[in-house]
Amino acid sequence: MSEKKTKRRDFLFTATTAVGAVGAAAVVWPMIDQMNPDASVKALASTEVDVSSLTPGNTLTVLWRGKPVFIRRRTQEEIDEARAVKMEELIHPEKDEDRAKNPEWLVMLGVCTHLGCVPLNDKGDYNGWFCPCHGSHYDTSGRIRKGPAPWNMEVPKYEFVNANTIKIG
Amino acid sequence: MSDHDYRPKSKVGQWFNDRLPLLTLANHLTDYPTPKNLNYWWTFGGILTFCLITQIVTGLTLAMHYIAHADMAFESVEHIMRDVNYGWLIRYIHANGASMFFLAVYIHIFRSLFYGSYKSPREIIWILGIIIYLLMMAAAFMGYVLPWGQMSFWGATVITNLFSAIPLVGEGIVTWLWGGYSVDNPTLTRFFTLHYLIPFLILGLVVLHIWALHVPGNNNPVGIDIKKPSKDTVPFHPYIVIKDGFALLMFMIVFAFFVFYAPNILGHADNYIEANPMVTPAHIVPEWYLLPFYAILRSVPDKLLGVVAMLSAILILAVLPWLDTSKIRSAVFRPLYRQFYWILVADVLILGYVGAMPAEGLYLLIARVATAYYFLHFLVILPVLGFKEKTLPVPLSITEPVLGGSPNLAAARNKESKIE
C-alpha cells in the first residue's frame, strides 16, 4: 500500500520538476536571445558603393555591418597570378573564378579569419594582403597562404547594380 | 577557539548578538589564530582586498561621468581626464589599479605555489582563488574596452574572435557576444554592464575564499599543520593587522609611483586614438598581465588548438592540488621542487617577454619551448616529483626548531631563512 503511494508521489515530483524546467527555460531564452543582433542592426544589412573612381591596382575600403569590405580593382597581372595557383597549394582551396565572378573586381570582407584584424593592402609574401596581428599572408585573390588563419577572406553577397555601383549584402 | 563561548560585555551587545551574531563574527576575525611564522609573502591577501575595494570605489565614481556609447565613450573619458574635478586622478588610480591588482595576485599565486598552500585541506580555497583570477581577467579585459580607443576596439575584436575557433557554433557565439556583425555599440554597452557586475561577484567569492581559509586556518612557511590556538599561533589582531598594514603601505608607495610619475607606462599610446573599425594598429598586444597566455596562444600554429592551449594553461591550475603528488607542502623541505619552482617562475617571465614581441623567428621558437615546458611542469614534473623526491625532515611544530630539536631541523631552518 505504502509502495503505491510513493509511486504516485514520484510521478507528481517528476512532472512538477519537468514543467518547472520548461518554464524556467522559456524565461531564460529571451534573456539570452536579447543579446543577439537586434532589428536595427539587421536593418543595416546592405550598402551601395560607387566604384567609378577606382583605377586598376587600387583598393577601396568601405564599412558594411561595422566591418571593412575591400573592393579591389585588380590588374591583369594580379588576376593571372591568382588564377595560376594550383588548388593543392591552398590551405582553403577555392578557385579565383568562384571568388571573383568578374575577374577585374574582387570584393571581400577585409577581416582576417584568424582573430578578426584588418589585413594590410599590397603586403605579404603573396602580393595580396598581410595581417599585422598574427602574421597571416593572403594572395591576390584574398586566399590564405601562410600563417594561423584557417580560411580565405570571406566573399560577401554582392551585385553590380549598374556599371559603377556595387550593392553589398 | 573562543568563537563559541564569546559573549559581548554590554547588555545591548548581548541583546543584538543573540539576534544577529555579528559581534561573534567580529570577535572571530580579531582573535583568529594565525601561525606566528607568516612572512611578508602572506601579506598579499590583505593587499588584494585593498586593491579590490580601490577598484570598486574608483570604478563607481568613474561610472558617474562615463558614457557607455560608441559615439561618446572616448570623449567622455577625455572629459573625465580634463574637466571632471580630480577625474585624472581617479582614472589613473583605476587604470593602474588594475595592473597593481594583477601584480599582487601573481605574487599571491606564486606564494601558494612555493609553500604548497593549494594542497589538502585547502583545495577549495585554491579553486575559489582560480575562479576569482578568471573573473579578474574578464573584468580587466572588458574594462580595457570601455575607453573605446584603438587598443580597446581591436583587443575586443581579437579576444571575442577566440570563440570563433569553436567548431560549428563558434561564429554564432561571436555574433551573440557582439550583438551585431562586429564589435560595436551593443558590445560596448554589455561590456560596461558586465564590467560593473564582475567586481561584486569577485567580492562575494572573496568572502567565500576567506571563509574557506578560516576553516583549516592559514598555511605557513614551514607548511605543517599546527594546533590552534597554541604556542605556534598569534591572534590576527593586532599582530597580523599591523604586519599587513605595513606591507600595504610599502605596496601603496609602488602604486603611487605609477599613478603620479608614470601613469601611462603600462598602457599603450594607441589607446589614445579613437576606435576605428577600418584600421588595425600595427602591433596588437594585450596588457602586460595577460602576455604569458598570449604567448601560449600564438605559439600554436592552429587556431583552435591555440585557443585550447591558452585556456588549458589557466584551467590546469584548478587541478593542481591533484597533479602535485607530494605530501610535503612547503618547498623549504623539497630541494628538487624548489629548483623546478624557480624554473617555472623564469619560464612564465620568458613567456611574458616573448608575448610582447612579434611572433616570428627566434621569439616564436622561444615561445614554443617555454609553452611546452609550462605544461611539462604541471603534467609530468609535479606528478613524478612527488614519488621520486627525497624531502628534508619536517619539524613537528613551528616552535620546535627554535627551542631546540634535532640537528636536521636546524639545517632545514637555515635553508628557509636563506630563501626568504
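The values are calculated or read from the model by the stated rules, or taken from the named source; none is laboratory data. Bear in mind that the values here come from a model prediction, so they are computed numbers and not experimental data. Cβ: placed from backbone, ideal geometry, glycine included. Neighbour counts: every protein chain shown.
What the table shows:
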{"read-out": "So residue B:121, is it away from every other protein chain (no Cβ under 14 Å) and in contact with a Pro (Cβ under 6 Å, 6 or more places away or on another chain)", "value": "yes"}
{"read-out": "Residue match in segment A:132-141 (condition: more than 27 Å from residue B:170 (Cβ to Cβ), crowded, with 19+ Cβ neighbours inside 10 Å and in contact (Cβ under 8 Å) with a residue 60 or more places away in the chain)", "value": "yes"}
{"read-out": "Scan of segment B:165-194 for residues that are in a helix (DSSP H, G or I), among the small types (Gly, Ala, Ser) and either at the interface with chain A (Cβ under 8 Å from one of its Cβ atoms) or touching a residue at least 24 places away in the same chain (Cβ under 8 Å) (or both), ordered by number", "value": "B:165"}
{"read-out": "Some residue of segment B:20-28 being over 22 Å from residue B:249 (Cα atoms), buried (at least 16 other Cβ atoms within 10 Å of the Cβ) and in contact (Cβ under 8 Å) with a residue 24 or more places away in the chain", "value": "yes"}
{"read-out": "Conditions (1) in a helix (DSSP H, G or I); (2) at pLDDT 90 or above; (3) among the hydrophobic types (A, V, I, L, M, F, W, C); (4) under 30 Å from residue B:230 (Cβ atoms); number of the one not met by residue B:411", "value": "(2)"}
{"read-out": "Residue list for segment B:287-307, restricted to those being surrounded by fewer than 21 Cβ atoms within 10 Å (Cβ to Cβ), touching a residue at least 40 places away in the same chain (Cβ under 8 Å) and out of contact with any Leu (no Cβ under 9 Å at 6 or more places or on another chain)", "value": "B:300, B:304"}
{"read-out": "Selection within segment B:346-400 - in contact (Cβ under 8 Å) with a residue 40 or more places away in the chain and within 30 Å of residue B:234 (Cβ to Cβ)", "value": "B:391, B:392, B:393, B:394, B:395, B:396, B:397, B:398, B:399"}
{"read-out": "Condition check for residue B:350: surrounded by fewer than 17 Cβ atoms within 10 Å (Cβ to Cβ), at pLDDT 95 or above and in contact with a helix residue (DSSP H, G or I) (Cβ under 6 Å, 6 or more places away or on another chain)", "value": "no"}
{"read-out": "Selection from segment A:41-98 of residues that are away from chain B (no Cβ under 14 Å), touching a strand residue (DSSP E or B) at 6+ places or on another chain (Cβ under 7 Å) and of a type in the set (S, T, N, Q)", "value": "A:55, A:58"}
{"read-out": "Answer residue from segment B:228-279, given it is part of a loop (DSSP other than H, G, I, E, B), of a type outside the set (Val, Ile, Thr) and without any contact (Cβ under 8 Å) to a residue 24 or more places away in the chain and is farthest from residue A:61 (Cα to Cα) among those", "value": "B:262"}
{"read-out": "Filtered residues of segment B:197-225 (kept if out of contact with any strand residue (DSSP E or B) (no Cβ under 6 Å at 6 or more places or on another chain) and outside any helix (DSSP H, G or I))", "value": "B:215, B:216, B:217, B:219, B:221, B:222, B:223, B:224, B:225"}
{"read-out": "Which listed residue is within 31 Å of the chain's Cα centre (by Cα) and over 29 Å from residue B:134 (Cα atoms), from B:49, B:24, B:61", "value": "B:24"}
{"read-out": "Leading residue by the ranking (surrounded by the fewest Cβ atoms within 10 Å (Cβ to Cβ)) among those in segment B:158-183 that are more than 16 Å from residue B:280 (Cβ to Cβ) and in contact with a Phe, Trp or Tyr (Cβ under 7 Å, 6 or more places away or on another chain)", "value": "B:173"}
{"read-out": "Selected residue [within 25 Å of residue B:108 (Cβ to Cβ), modelled with pLDDT under 95 and touching a helix residue (DSSP H, G or I) at 6+ places or on another chain (Cβ under 8 Å)] from B:267, B:306", "value": "B:267"}
{"read-out": "Residue list for segment A:88-114, restricted to those being farther than 23 Å from residue A:132 by Cα and hydrophobic (A, V, I, L, M, F, W, C)", "value": "A:100, A:105"}
{"read-out": "Where residue B:282 falls short, out of the listed (1) in contact (Cβ under 8 Å) with a residue 40 or more places away in the chain; (2) within 25 Å of residue B:364 (Cα to Cα)", "value": "(1)"}
{"read-out": "Whichever residue in segment A:131-149 is assigned to a loop (DSSP other than H, G, I, E, B) and at pLDDT below 90 and, among such residues, is nearest to the chain's Cα centre (by Cα)", "value": "A:149"}
